[in-house]
Amino acid sequence: MMDEYLYWGIGLWRWNYSGGKGLDKLFDMPTFSLKMMYKYINKRIQETAWAQGIGRHTQEQVIEMTKEVLRTSSLILGSKKFLLGDEPCKEDCSFFGFLAMVKWAAPGSPHGKYFNEELENLNNYCDRMKERFWKDWDSCLAKSNQTSDYKAAKSL
């Protein structure tokens, strides 16, 4: 469900449906580089999504399928702290990875809006996982930005 619908729904939004809007919030790159990357990846994602099957649906259908995965995920988690109870398991690692993509890396998407406005248990779950396993989340992101700044400056 996460691999076949959520991943592809977010990917299609980011690289096809959004027209590249929001990429500047995800990638610390010069505008020209972002546009070139978008143009290249856009075509590849369209081709791959078509071959996978989800690209044969309309944008509206893909968005609805993606929201349905989020609704189902919310029902599966229910009021539990983690997928299988009070303590995290291996499956929580994967689950969190997919949900984190929606919560923090889908700027301007209908999926992110739906997630943040309607699915309180998934939001709380993501915050719980982040706090428990990534207390250094912000510093990791800062290091990532410093590295990309360095790489961008080096390439000039």
- For F95, F27, F133, give the ranking by accessible area with the largest first, probe 1.4 Å. F133, F27, F95
- Note on the structure: Computed over the chain, the relative contact order (Cα-Cα under 8 Å, seq sep at least six) in percent reads 28 percent
- Kirkwood hydrodynamic radius over Cα pairs of the chain, then Stokes diffusion coefficient at 10 °C and 1.306 mPa s, in µm²/s: 94 µm²/s
- Percent accessible area from carbon and sulfur atoms, the chain, protein chains only, probe 1.4 Å: 56 percent
- Figure the gain on full extension for E68 and S139 (residue separation times 0.36 nm, minus the Cα-Cα span) and round it to one decimal in nm. 22.2 nm
- May I ask for log10 I(q)/I(0) of the stretch 81-136 at q = 0.23, 0.30 Å⁻¹, from a Debye sum over the Cα atoms as equal point scatterers with solvent left out? -0.90, -1.27
- Query: If you stretched the chain out fully between W50 and K35, how much longer would it get, using 0.36 nm times the residue separation minus the C-alpha to C-alpha distance?
  - Reply: 3.2 nm
- Query: Heavy-atom accessible area of R56 with all protein chains present, probe 1.4 Å, nearest 10 Å²?
  - Reply: 140 Å²
- Surface per residue (accessible, 1.4 Å probe) for the chain, Å²: 62 Å²
- Env charge @ L70, Cβ radius under 13 Å, K,R +1 / D,E -1, value -1
- Per-residue ellipticity at 222 nm for the chain, helices alone: DSSP H runs ≥ 4 residues times -39500 (n - 2.57), over residue total, nearest 500 deg cm²/dmol? -22000 deg cm²/dmol
- Message: For a 20 Å ceiling on Cα separation, which of these pairs sit above it: K80/K135; K35/K67; K25/K103; K103/K135; K39/K103?
- Response: K80/K135; K35/K67; K39/K103
- Rounded if a/c is under 1.5, else prolate if a/b is larger than b/c, else oblate: which is the stretch 30-106, with a ≥ b ≥ c the root eigenvalues of its Cα gyration tensor? prolate
- Work out from phi, with θ = phi - 60° and the Karplus expression 6.51 cos²θ - 1.76 cosθ + 1.60, the ³J(HN,Hα) of each residue of the stretch 28-42, listed in order in whole Hz, and give x for Gly and Pro. 8, 9, x, 3, 4, 5, 4, 5, 5, 4, 4, 4, 5, 6, 3
- What distance in nm separates the simple spin-label points at E120 and C89, each placed 7 Å from Cα in the Cβ direction? 2.7 nm
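The values are calculated or read from the model by the stated rules, or taken from the named source; none is laboratory data. Worth saying up front: this structure is predicted, and the values here are computed from it rather than measured. All Cβ positions, even for glycine, are placed from backbone atoms using ideal geometry, and neighbour counts span all protein chains on display. What goes into the accessible areas is simple: the full protein's heavy atoms, side chains included, and nothing from ligands, DNA or RNA. Shrake-Rupley method; radii C 1.70, N 1.55, O 1.52, S 1.80 Å.
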